[in-house]
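> Take a look at the following structure, please.
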Amino acid sequence: LWRLGYCARLLKTNHFRTAASNTSFPAVWMLLAQHSGTIPGLFVVVKKNTLFTMPETVEDKTNPELYLPHPGVRGMTLLNREAFKRTLLVPALKVKKEIVHRVLKSLKQSVLQRPGLKRVVEDPEDEDSRFVILDPHKVPEFSLGESEQQVLKQLNVPPVVCKYQLELGYENFKTEEILRAVLPEGQEVTSGFSRVGHIAHLNLRDHQLPYRHLIGQVIMDKNPGVTCVVNKTNIIDSTYRNFEMEVLAGENNLVTKVKENNISYELDFSKVYWNPRLSTEHGRIVGLLRAGDFLFDVFAGIGPFAIPAAKRQCRVFANDLNPDSYSWLLHNCQLNKVHTKVKAFNMDGRAFLRGPVREELSKELPLLGEEQKTAFHIVMNLPALAVEFLDVFRHLLVGEPCSAAGLPTVHCYGFSKHSDPARDIQERAEAVLGTSLAGRCSTFLVRNVAPNKEMLCLSFQIPAEVLYKRPCP
């Protein structure tokens, strides 16, 4: 054990500080074995287990062709579905049609599962029988295992495996399998996307751009309900939070309808910001609110915080600088019948805080009594810039501070690439506010945006010494 610990330290010191941090497992075990000497058997066992836990390796060795389209599709840029066809010999069982369902149920682990593929096909030479198609990976070398043979014996089915000519086509391959067969070998394949109503939104890498229209068509083919596929062509504009996009496949209709947390929204995806990955965060913040609370949404977008808050009987002030976002905010308030509960503004965030927000806080905070339970929440969801807006709260109000319980709570979002993102965003906020938030704030990790880039929410009550400027005697 002491030697094992020494070897681990040696690995960390001599290898992990170098550029060769992706050292393969076999090389690592060889290095350990060199320095262990006394327990070589341990490394042999571990190496075997490591390989055993990778089913894709075993799967490829058994029959790699089963999950590969015809090799002639490599380099295709315009989709030709017919070119993906190929014929393979696969194992099959000949079964009387009256017991097919019992056989399928008993051998469900061994039956071939592929998109759009019939597991049971007719026997052209015997109308009373059917062929049950088996998975070559589960039935290697056309030979059934002991357990499968016992099952068939109980069903009075001869355990004889036939060779069946199976034709696989475009419809039988998964999205990733198709793209992996088309793109140059060794290049990254991206089959993931964001779904916004009928729109699929991709972020393609440079090496994928020559194949972008094919990728768009495949995504549309393989995802029912997707009728438009777009690719982002530039980074998000920090002013209006929208970005340029190219339609890769389908109809050029970017006005769509989405549903989040049982609330419907309509939007023009090319002109406003919408991220379906923020659904949980919207619900988390709205869950903190109670009827009668105030919500000031500084960067409201089309209303994913404001509208559900209004439905909880909160008093809502929602603002967005983007005129299109403002228009869709008004539209969605009408759509959800909360237009009388939301006061909407089309202003710069600073002007909104120094205008309507300061006016409302100046009016409401002095009215709070000791038993008053009204809470004031300020949401600032503009991760690229929101922390820089916190200086607005310095001496925003004039007069004697209200009770500590009545001080407004800010939920400020930000990005961080720091090794300690929570400490990073707190320190940046403290620098702008001019005071310490130690013991007075909480940080919530919203999501991982990119490798080494996190989105966080910093929540804190604005300290009285920051918010209030006391009048001169």
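The values are calculated or read from the model by the stated rules, or taken from the named source; none is laboratory data. Since the structure is predicted, the reported quantities are computational estimates derived from the model, not experimental observations. We place every Cβ from the backbone using ideal geometry, glycine too, and count neighbours over all the protein chains shown. The protein model used for the area step is the full one, side chains on, heavy atoms only, and it has no ligands, DNA or RNA in it. Shrake-Rupley method; radii C 1.70, N 1.55, O 1.52, S 1.80 Å.
> In Å, the Kirkwood hydrodynamic radius of the range 175-253 over pairs of distinct alpha carbons?
Working: mean 1/r = 0.0770 Å⁻¹.
Kirkwood radius, the range 175-253: 13.0 Å.
> Let me ask something additional. Give me the compactness ratio for the range 342-447, meaning the Cα radius of gyration over 2.2 N^0.38 Å.
On the way: Rg = 14.8 Å, N = 106, 2.2 N^0.38 = 12.9 Å.
Working it through for the range 342-447, the quotient is 1.14.
> For the range 175-253, give me the percentage of DSSP beta bridges that are antiparallel, rounded to the nearest 5 percent.
Numbers: 8 of 12 bridges.
DSSP beta bridges in the range 175-253 are roughly 65 percent antiparallel.
> Further question: Using 0.36 nm per residue of separation minus the Cα-Cα distance, give me the extension gain between residue 470 and residue 187 in nm, one decimal. Intermediate values should be presented prior to the final figure.
Details: separation 283, 0.36 × 283 = 101.88 nm, distance 6.29 nm.
Full-extension gain reported as 95.6 nm.
> Test of understanding: what is the full-extension gain from residue 291 to residue 78, defined as 0.36 nm times their sequence separation minus their Cα-Cα distance? Don't skip to the end; give the middle numbers.
Working: separation 213, 0.36 × 213 = 76.68 nm, distance 5.56 nm.
The span from residue 291 to residue 78 would gain 71.1 nm if fully extended.
> Okay, next question. Count the net charge of all other residues whose Cβ sits under 10 Å from the Cβ of residue 109, scoring Lys and Arg as +1 and Asp and Glu as -1. Present the calculation step by step, with values, prior to reporting the outcome.
Values: positive: 108, 138; negative: 135, 148.
Once all neighbours under 10 Å are counted, the net charge is 0.
> Something else now. Measuring with a 1.4 Å probe in the full set of protein chains, what accessible area per residue, in whole Å², belongs to the range 264-378? Before the final figure, lay out the partial values.
Working: 4880 Å² over 115 residues.
In whole numbers, the range 264-378 has 42 Å² accessible per residue.
> Let me ask something additional. Given H placed on each backbone N at 1.01 Å, which residues far from residue 123 in sequence or on other chains put an amide H within less than 5 Å of it?
When sequence neighbours closer than 5 places are left aside, the close amide H contacts are 129, 131.
> Could you sort out which of 373/417; 118/259; 138/174; 108/257; 337/373 sit more than 28 Å apart by Cα distance in this structure?
Details: 373/417 38 Å; 118/259 34 Å; 138/174 20 Å; 108/257 39 Å; 337/373 26 Å.
Long pairs (Cα-Cα over 28 Å): 373/417; 118/259; 108/257.
> With the crude spin-label approximation of a point 7 Å out along Cα→Cβ, what separation in nm comes out for residue 143 versus residue 167?
Using points 7 Å along Cα→Cβ, the separation is 3.2 nm.
> Sticking with this one: Aspartates and glutamates within cross-link reach of residue 222: Cα-Cα under 18 Å, excluding same-chain residues under 8 positions apart?
82, 171, 176, 177, 251
> Would you grab the residues whose amide H sits under 5 Å from the one on residue 347? Only those 5+ places off in sequence or on another chain, please, with H modelled 1.01 Å from N.
HN-HN under 5 Å from residue 347: 320, 321.
> Say a paramagnetic label sat at a point 7 Å from the Cα of residue 207, along Cα to Cβ; which residues of the range 73-89 have their backbone N under 20 Å from it?
73-78
> Residue by residue through the range 224-230, what is 3J(HN,Hα) from phi via Karplus (6.51 cos²θ - 1.76 cosθ + 1.60, θ = phi - 60°)? Round to whole Hz and write x for glycine and proline.
x, x, 7, 10, 8, 10, 10
> Subtracting the Cα-Cα distance from 0.36 nm times the residue separation, let me have the gained length for residue 150 to residue 232 in nm, one decimal.
Numbers: separation 82, 0.36 × 82 = 29.52 nm, distance 5.55 nm.
The span from residue 150 to residue 232 would gain 24.0 nm if fully extended.
> Same structure again: Got a sec to turn the phi values of the range 137-151 into Karplus ³J(HN,Hα) couplings, 6.51 cos²θ - 1.76 cosθ + 1.60 with θ = phi - 60°, whole Hz, x for Gly and Pro?
With the stated coefficients, the range 137-151 comes to 6, 8, 10, x, 6, 6, 10, 7, x, 4, 5, 5, 5, 5, 4 Hz.
> So for the pair residue 194, residue 400, with labels modelled 7 Å out along Cα→Cβ, what separation do we get in nm?
4.9
> With a 1.4 Å probe and all protein chains left in place, how much of the accessible area of the range 432-473 comes from carbon and sulfur atoms, in whole percent?
Working: 1250 of 2290 Å².
Within the range 432-473, the accessible surface is 55 percent carbon and sulfur.
> Quick one: Karplus J couplings for the range 246-251, per residue in order, coefficients 6.51, -1.76, 1.60, θ = phi - 60°, nearest Hz, x for Gly and Pro?
10, 7, 8, 7, x, 6
> At q = 0.09, 0.11, 0.15, 0.17 Å⁻¹, what is the base-10 log of I(q)/I(0) for the range 273-469 according to the Debye formula with one equal point scatterer per Cα and no solvent? Please give it to two decimals.
Cα-only, vacuum Debye calculation for the range 273-469: -0.31, -0.48, -0.91, -1.18.
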